[in-house]
Amino acid sequence: MKIGLVGEAPNDTRAIQNLLGRRYRHLSFVTLLNRINGSMLDNKKAINQLLSVEFEEQKPDIVIFIRDLDSHEKDKKKLQEREDIFIHSNRKVSNTGIFLLNIYEIEALILADISTFNKKYNCNIEMFEDVMKVPDPKGVLLKATRGTIDRFNVSHNPDLFKLLNFDTVKQNCRYFSTFIEKFDKALT
């Protein structure tokens, strides 16, 4: 099966590909809308012009839409905005899409397996009770490595996600666990 990935940045799509690749080795991945980043994914005109064409060219079986909420999980306005864009975009891929909405930001997935991060960056961030309640996951990682030789940068995410323990991330991050349930159903 071929899985299409649409995300806010190339680092995000590669990171998710690397994390999913740890569990789903039999799948192949392709990035769609590589030239559209961040809030440009909210532009319905750009989606209309490019997504259908790339979907037809690449012919993925499933398309994962990766977005950051940039807010807490109960922010109804932001949730509705992201959901509306997902619904619009999903129509352009024959409704084969699954939404991976990172609560606050994608770095919450790193916090879900903080021991791997601590080992790699030689730091000591304590485990969070609920990574979805950390308002600035990226800031936590940057602060913990400030002043070190190997300081964390978001450009490290693809390589770092290769190291994350899939089951630990799934166990410690509710939104990722829910996403995996939907993804597994779509694969059958």
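The values are calculated or read from the model by the stated rules, or taken from the named source; none is laboratory data. These numbers were taken from a predicted model, which means no experiment stands behind them. As a convention, Cβ positions derive from the backbone with ideal geometry for all residues, glycine included, and neighbour counts pool all protein chains shown.
Looking at the structure I just gave you, is residue 141 under 17 Å from residue 7 (Cβ atoms) and not hydroxyl-bearing (Ser, Thr, Tyr)?
Here the answer is no, as residue 141 does not meet what is asked.
Picking from 89, 94, which residue would you name as being among the hydroxyl-bearing types (Ser, Thr, Tyr) and surrounded by 18 or more Cβ atoms within 10 Å (Cβ to Cβ)? If you could, list the steps in order and put the result at the bottom.
Values: 94 fails: surrounded by 18 or more Cβ atoms within 10 Å (Cβ to Cβ).
Only one candidate qualifies: 89.
Of all residues in region 62-96, how many are touching a residue at least 60 places away in the same chain (Cβ under 8 Å) and either outside the structural domain of residue 183 (by TED's automatic domain parsing) or under 17 Å from residue 178 (Cβ atoms) (or both)?
Final tally of qualifying residues: 7.
Tell me whether region 36-43 contains one or more residues that are closer than 18 Å to residue 16 by Cβ, of a type in the set (Val, Ile, Thr) and within 18 Å of the chain's Cα centre (by Cα). Give the derivation first.
Start the filter on region 36-43 by keeping residues that are closer than 18 Å to residue 16 by Cβ, which leaves 36-38, 41.
So of that shortlist, the ones also of a type in the set (Val, Ile, Thr) come out as 36.
This time we only want the ones that are within 18 Å of the chain's Cα centre (by Cα), so: 36.
Yes, region 36-43 has at least one match.
Residues of region 128-146 being touching a residue at least 40 places away in the same chain (Cβ under 8 Å) and loosely packed, with under 15 Cβ neighbours inside 10 Å, which ones?
130, 133, 135
In this structure, does residue 12 turn out to be among the acidic types (Asp, Glu) and part of a helix (DSSP H, G or I)?
yes
So that you can scan it fast, the table gives a plain yes or no per residue for (1) touching a helix residue (DSSP H, G or I) at 6+ places or on another chain (Cβ under 8 Å); (2) over 22 Å from residue 27 (Cβ atoms):
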| site | (1), (2) |
| --- | --- |
| 75 | no, yes |
| 96 | yes, no |
| 103 | yes, yes |
| 123 | yes, yes |
| 128 | yes, yes |
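Just need a number here: residues in region 56-99 that are farther than 20 Å from residue 46 by Cβ and either in a strand (DSSP E or B) or among the aliphatic types (A, V, I, L, M) (or both).
Within region 56-99, residues that are farther than 20 Å from residue 46 by Cβ and either in a strand (DSSP E or B) or among the aliphatic types (A, V, I, L, M) (or both) number 4.
Looking at region 100-119 only, could you name the residues that are part of a helix (DSSP H, G or I) and buried (at least 17 other Cβ atoms within 10 Å of the Cβ)?
Correct list: 108, 109, 110, 111, 112, 114, 116, 117.
Residues 185, 143, 170: which one is of a type in the set (Lys, Arg) and either closer than 20 Å to residue 69 by Cα or modelled with pLDDT under 95 (or both)?
170
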